[in-house]
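Trainee: I have a structure I would like to understand better, so I am pasting it below and will then ask my questions one at a time.
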Amino acid sequence: MINVETVGTNMFLAGKWVNRSNIIEVRDPEDNRLLTTVPAASKEDMLEAIDEAKVGLKIASNMSVHQRVDILNKAADYIESHLEEYAITIASEGSKTIREARKEASRCVQTIRLSAEEARRITGETISFDQAPGSEGRQGYYTRIPIGIIGAITPFNDPLNLVAHKVGPAIASGNAIIVKPATATPLSALKLAEAFEAAGLPDKVLSVVTGYGYEIGDTLVTHPDVRMISFTGGVEAGLAITQKAGLKKLSMELGSNSPGIVLADANMIEAVEANVSGAFWAAGQNCLGVQRLYVEQTIFELFVEEFVARTQEYRLGNKLSEETDMGPLISEKEAIRVESWVEEAVLQGARLLCGGKRNGASYEPTVLMDVPDHCTIAREEVFGPVVLLYAVSNIKEAIERSNSVHFGLQAGVFTNNLEYAFQASEQLEVGGVMINDSSDYRIDGMPFGGVKASGLGREGVQFTIHEMTEPKVICFKLNKQ
Ligand code: NAP
């Protein structure tokens, strides 16, 4: 059992809570307050986790479906009955406000319950072997088997639910899993392990190994006994992992600078509300966050006025206060980077409509227009509370400009015109198009992932389970009389 208030939190190594003399300080980015420390695991620790996971895999794959369902439901019950504790952990170690953190904790409960439901539906099909000449008299089928030991590497911005998106499906499908959470936010992942321990998950099936990616990442990524790396994080780390991983399955959930399109026929007030929320949720540190908005020329002026007015209502402040709409970025370093990208755009001719001021790790919700296409902030993922507004003459231009970057995770399109909605759905180069919602819309059961530099493979419980299992064919040659 871990306690966020206690200095010195242990990591979860194959069912045991262990400490180490090398530690990492976990600080609240709002005031740099020391929350606790966690072990800075060594390569040897990671090797031990992998060794133990070999035993864990045998245990996990032999667990009956009803046992898996029971453990998953009990873990979900545990989190639900300690929801506020989980929310406070998320809000303390990360950027989210308490209201945002409660939503993440509730979604985590749903993700794990969904994993329990999907555990029942891991099935195969019969195969018509006699479709091939000479294969008469054979009957058979395929089942789906666990892929093996899974290495899960997770980011700081959804420190609980994104870990649950890997752990829930892994347990549902009979795998062993080792989580390497983000160094900035390891506590939520450890609290997830606490829930699975309380639910009776056998030792060795799950480890949460805390440590620096550059120190222990390679051990996990390159180990031949690890059959899959499920990574969520930035493109740079994702590429580095892809180049090193060797012969194993890769799931890459990477970043984006998501576009939104608002056409003249749309409900403008709803479009403003959804896109402001989509841009500034979790202080813009959201892979689905709205970064580029293409608005039809005829309504542009009014849209800008409403958008800026709504943005200026956002209240920054103490994350644990119910009144606060937006917390700080994950670190002052990140806030300085965002500030420098905005300054670069302004120097190149962009207009700052509101925001643009930094105070420590906090950065005001910021709206820019007339940002030249060559600026860093127009091309790369800002991962901060900044949105860029552009006027476009029609849907064709909006789609072309939306597609002009190397990312492609999700897009939002606001229109009541069916033709335009279909045109955008077909032509936008992304993994998901949300009509009359911002790019930020997602449920945990849908296929989720990107094209281009936004990733490889899909998450969303049912789809993750598909990635975490492999078909196995069984064929009977029968001597028919
Ligand atoms: P990050 O810097 O890429 O780190 C993600 C994880 O990778 C951390 O646990 C990190 O460990 C680890 N890591 C870094 N370099 C590694 C290496 N060479 N080998 C193995 N592990 C390594 O990302 P972040 O700043 O935490 O998160 C923000 C990014 O995640 C954004 O780009 C965002 O869009 C993306 N994201 C994508 C999705 C999605 O579903 N598509 C969801 C959420 C976030 P350390 O913390 O120790 O460095």
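Trainee: Sort through 195, 264, 245, 282 and tell me the only one that's on the phi < 0 side of the Ramachandran plot and crowded, with 23+ Cβ neighbours inside 10 Å. Working first, answer last.
Mentor: Values: 264 fails: crowded, with 23+ Cβ neighbours inside 10 Å; 245 fails: crowded, with 23+ Cβ neighbours inside 10 Å; 282 fails: on the phi < 0 side of the Ramachandran plot.
Going through 195, 264, 245, 282 in turn, just one is on the phi < 0 side of the Ramachandran plot and crowded, with 23+ Cβ neighbours inside 10 Å: 195.
Trainee: Which of the following residues is touching a His at 6+ places or on another chain (Cβ under 9 Å), modelled with pLDDT of 95 or more and buried (at least 18 other Cβ atoms within 10 Å of the Cβ): 71, 79, 50? Break it down into steps so the answer makes sense when it comes.
Mentor: Values: 71 fails: touching a His at 6+ places or on another chain (Cβ under 9 Å); 79 fails: touching a His at 6+ places or on another chain (Cβ under 9 Å).
Result: 50 is the single residue among 71, 79, 50 that is touching a His at 6+ places or on another chain (Cβ under 9 Å), modelled with pLDDT of 95 or more and buried (at least 18 other Cβ atoms within 10 Å of the Cβ).
Trainee: Determine, yes or no, whether residue 89 is within 28 Å of residue 174 (Cα to Cα) and either at pLDDT 95 or above or surrounded by fewer than 17 Cβ atoms within 10 Å (Cβ to Cβ) (or both). Before the answer, list the steps.
Mentor: Numbers: within 28 Å of residue 174 (Cα to Cα): no; either at pLDDT 95 or above or surrounded by fewer than 17 Cβ atoms within 10 Å (Cβ to Cβ) (or both): yes.
In short, no.
Trainee: Further question: Residue by residue through segment 217-241, note down the ones that are within 16 Å of the ligand (Cβ to nearest atom), within 16 Å of residue 53 (Cα to Cα) and over 18 Å from the mean Cα position of the chain (by Cα).
Mentor: Within segment 217-241, 219, 220, 221, 222, 223, 226 meet the criteria.
Trainee: Among the residues of segment 67-76, are any in the same structural domain as residue 178 (by TED's automatic domain parsing), of a type in the set (Lys, Arg) and touching a residue at least 60 places away in the same chain (Cβ under 8 Å)? First the steps, then the outcome.
Mentor: Keep residues of segment 67-76 that are in the same structural domain as residue 178 (by TED's automatic domain parsing), which gives 67-76.
Going one step further and asking which of them are of a type in the set (Lys, Arg), we end up with 68, 74.
Then keep just the ones that are touching a residue at least 60 places away in the same chain (Cβ under 8 Å); that gives 68, 74.
Checked segment 67-76: at least one residue is in the same structural domain as residue 178 (by TED's automatic domain parsing), of a type in the set (Lys, Arg) and touching a residue at least 60 places away in the same chain (Cβ under 8 Å).
Trainee: Residues that are buried (at least 24 other Cβ atoms within 10 Å of the Cβ) and within 16 Å of the ligand (Cβ to nearest atom): list the strands (runs of 3 or more DSSP E) wholly contained in segment 405-481 that include at least 2 such residues.
Mentor: Hits in segment 405-481: 410-414.
Trainee: On to the next question. Just for strands (runs of 3 or more DSSP E) wholly inside segment 287-395: which have at least 2 residues that are without any contact (Cβ under 8 Å) to a residue 60 or more places away in the chain and buried (at least 16 other Cβ atoms within 10 Å of the Cβ)?
Mentor: 351-354, 366-369
Trainee: Just one of the numbered conditions (1) at negative phi; (2) within 16 Å of the ligand (Cβ to nearest atom) is not true of residue 269; which one?
Mentor: Here residue 269 meets the rest and fails (2).
Trainee: Let me ask another. So which residues in segment 191-216 are within 11 Å of the ligand (Cβ to nearest atom) and either touching a residue at least 24 places away in the same chain (Cβ under 8 Å) or acidic (Asp, Glu) (or both), if there are any at all?
Mentor: Kept after step one, since they are within 11 Å of the ligand (Cβ to nearest atom), are these residues of segment 191-216: 209-216.
Selection gives 209, 210, 211, 212, 213, 215, 216.
The values are calculated or read from the model by the stated rules, or taken from the named source; none is laboratory data. Not measured: the values here are computed from a predicted model. FYI the Cβ positions are ideal-geometry reconstructions off the backbone, even for glycines, and counts take in every protein chain you see.
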